[in-house]
Amino acid sequence: MLPRSSGVLLHISSLPSVFGIGDLGPEAYRFVDFLAEAGQTFWQILPLNPPGVGNSPYVSSSAMAGAELLISPEKLAEDGLLSPQDWQNLPTFPQDRIDYCAVRAFKWRLLRKAFDNFKASGCFQAEFEIFCCQQAHWLDDYALFMAIKEAHRGAAWNEWGPELALRRPEALESARQKLAEEILFHKFSQFIFDRQWKALKGYAAEKGIRFIGDIPIYVAYDSADVWAHPELFRLDERGLPTVVAGVPPDYFSPTGQLWGNPIYRWEVLAESGYDWWIKRFQRVLEYVDVVRVDHFRGFEAYWEVPAGEETAIKGQWVKGPGAELFNAVKSALGEVPIIAEDLGYITPEVEELREQFGFPGMKILQFAFGSGPDNPHLPHNYPRNCVVYPGTHDNDTAIGWFSSASEEVKEHFCKYTGTDGREVNWVMARLAMASVANLAVIPLQDILGLGSEARMNYPGRPEGNWQWRFLPGSLTSEMKYRLAELTGLYGRWRKG
């Protein structure tokens with residue numbers, strides 16, 4: 001069970017940086033210092049995997065790989081693999097958002113320069129070889145997948161031609177030989193990400209800060225995972241999905257959300273003792289201390305939509321692996337600290353599965369107002385074993401939410417909190433901190449007092465998400481002390 005504590009939600013990409021995207025460099029270390037000085041225990045982030053379609057970290061080319069765009073050029077310079085002269089002529093990146101196209105072009109150029117220096121210098125060779133050996137179970141396939149994908153100008157793997165798409169051994173061996181240099185480059189990039197992340201995690205641990213990270217339930221169709229393990233997914237003989245994932249109509253969308261991810265062959269996964277899932281949990285636990293399992297309800301029953309549908313309306317609920325999967329993970333890895341993202345259409349069976357393993361669920365204050373006193377998101381209804389947020393990455397900011405809320409919702413909020421509608425962001429933070437929930441997590445946008453312009457994601461909207469960054473110098477001493485005061489007042493100060 002989580003201790004009574006608090007934390008801040010901020011993805012690495014949202015940090016300030018002169019390189020167009022937040023990274024694992026100096027600003028990440030400064031943010032750890034901010035959290036420690038404000039008495040926080042947790043830094044919650046989004047998935048660390050490479051962002052895919054729509055730049056979403058939830059639609060990645062690999063469930064195991066790290067996001068190369070988060071690699072810090074400054075840390076590469078500290079290791080002697082780059083020089084500050086390598087980025088003297090920086091492009092003019094926007095400060096408050098990410099231009100992914102420009103960042104990719106720039107970052108890949110720097111990474112290739114670092115790769116050339118790595119080969120020439122012989123630095124970190126032994127460490128690199130150990131990494132490649134330890135991670136071979138996913139790294140070999142990922143590096144080959146990325147090299148072939150680049151050779152096909154970014155085409156999805158099902159467009160590579162049947163020999164490569166269906167992994168004929170002779171075709172794969174030919175690709176390994178022909179693309180050996182590119183394969184090595186992608187292994188190097190993963191090694192550097194791993195090295196930089198673990199350095200940051202070690203620094204955070206010294207300061208008493210632990211990481212909460214996401215494990216999305218599904219993987220992208222155009223991913224190394226599906227290409228390398230097609231037997232684990234419901235595909236036809238051509239390698240195309242027969243059914244895809246989504247959710248039915250809900251709070252976010254009247255037509256549901258058609259995610260399009262391939263659905264697992266759970267019976268095949270069960271035959272191997274859920275080995276692929278165990279390795280996936282093992283991998284994410286190398287990077288974070290607590291795992292937030294995204295779309296937890298899908299493990300009890302998931303929404304399955306026939307491939308080719310334009311919306312998620314014509315889907316059906318299908319039973320998932322349930323307790324069997326989590327028992328297998330527990331048997332292999334011991335007690336894994338898990339937060340269950342139990343939002344959306346939740347049945348008694350989903351609640352029973354969560355309670356069986358003692359996983360804390362989630363409460364969202366933005367869902368609490370405008371209905372009756374029995375609303376489970378109202379703080380007086382919380383169990384202790386839960387995590388409360390003003391909103392998540394899928395919600396508006398507190399100020400943005402309140403400004404667009406109905407008069408009924410605003411009136412209920414003001415009556416419930418005994419406030420007049422000013423400083424809604426801090427009122428929400430206080431409400432979360434004061435609750436009995438063991439863990440309260442505040443999005444950084446709410447600490448900064450930002451409106452809808454700082455929203456991270458609009459579920460169901462394919463473009464324009466995952467871009468927000470906070471400006472250099474935005475975090476003031478006043479904000480830090482105010483957060484620290486609430487943290488101490490309600491008994492959530494970091495232990496030790």
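The values are calculated or read from the model by the stated rules, or taken from the named source; none is laboratory data. Owing to the predicted nature of the structure, the values given are computational and were not obtained by experimental measurement. Backbone-built Cβ (ideal geometry, glycine too); neighbour counts: all protein chains shown.
Take the residues of segment 319-341 that are in contact (Cβ under 8 Å) with a residue 40 or more places away in the chain and not in a helix (DSSP H, G or I): which is surrounded by the fewest Cβ atoms within 10 Å (Cβ to Cβ)? Let's see the steps before the verdict.
Within segment 319-341, the subset in contact (Cβ under 8 Å) with a residue 40 or more places away in the chain is 320-321, 324-325, 328-329, 332-333, 336-341.
Keeping just the survivors that are not in a helix (DSSP H, G or I) gives 320-321, 336-341.
Numbers: Gly320: 20, Pro321: 20, Val336: 19, Pro337: 16, Ile338: 21, Ile339: 24, Ala340: 26, Glu341: 23.
If we take residues in segment 319-341 being in contact (Cβ under 8 Å) with a residue 40 or more places away in the chain and not in a helix (DSSP H, G or I), then Pro337 is surrounded by the fewest Cβ atoms within 10 Å (Cβ to Cβ).
Based on this model, can you work out whether Gly391 counts as outside any helix (DSSP H, G or I), without any contact (Cβ under 8 Å) to a residue 12 or more places away in the chain and of a type outside the set (Phe, Trp, Tyr)?
Numbers: outside any helix (DSSP H, G or I): yes; without any contact (Cβ under 8 Å) to a residue 12 or more places away in the chain: no; of a type outside the set (Phe, Trp, Tyr): yes.
No, not satisfied.
Considering each residue of segment 259-275, count those that are crowded, with 18+ Cβ neighbours inside 10 Å and out of contact with any strand residue (DSSP E or B) (no Cβ under 8 Å at 6 or more places or on another chain), and give that number.
3
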Could you tell me whether any residue of segment 115-136 is modelled with pLDDT of 95 or more, aliphatic (A, V, I, L, M) and within 15 Å of Ala224 (Cβ to Cβ)? yes
When segment 229-259 is checked residue by residue, the ones that are in contact with a Pro (Cβ under 7 Å, 6 or more places away or on another chain) and among the β-branched types (Val, Ile, Thr) are Val243, Val244, Thr255
Odd one out for Phe93, checked against (1) in contact with a Pro (Cβ under 6 Å, 6 or more places away or on another chain); (2) assigned to a loop (DSSP other than H, G, I, E, B); (3) of a type outside the set (Ser, Thr, Tyr): (1)
Residues of segment 44-87 that turn out to be without any contact (Cβ under 8 Å) to a residue 60 or more places away in the chain, assigned to a helix (DSSP H, G or I), aliphatic (A, V, I, L, M) and surrounded by fewer than 23 Cβ atoms within 10 Å (Cβ to Cβ), as a count: 1
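Listed residues Met479, Met433; which is within 17 Å of Gln44 (Cβ to Cβ) and assigned to a helix (DSSP H, G or I)? Write out each step before concluding.
Numbers: Met479 fails: within 17 Å of Gln44 (Cβ to Cβ).
Every option except Met433 fails the conditions.
Every residue, every condition in (1) crowded, with 23+ Cβ neighbours inside 10 Å; (2) under 24 Å from Ser72 (Cβ atoms); (3) aliphatic (A, V, I, L, M); (4) at pLDDT below 95, yes or no:
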site: Tyr142; (1), (2), (3), (4): yes, yes, no, no
site: Ile148; (1), (2), (3), (4): yes, no, yes, no
site: Trp160; (1), (2), (3), (4): no, no, no, no
site: Leu164; (1), (2), (3), (4): no, no, yes, no
site: Arg168; (1), (2), (3), (4): no, no, no, no
site: Glu182; (1), (2), (3), (4): no, yes, no, no
site: Asp194; (1), (2), (3), (4): no, yes, no, no
site: Glu206; (1), (2), (3), (4): no, yes, no, no
Of the residues that make up segment 303-313, is at least one of a type in the set (A, V, I, L, M, F, W, C), out of contact with any helix residue (DSSP H, G or I) (no Cβ under 7 Å at 6 or more places or on another chain) and not in a loop (DSSP other than H, G, I, E, B)? yes
Among (1) in contact with a helix residue (DSSP H, G or I) (Cβ under 8 Å, 6 or more places away or on another chain); (2) in a helix (DSSP H, G or I); (3) among the charged types (D, E, K, R), there is one condition Asp420 misses while meeting the rest; what is its number? (2)
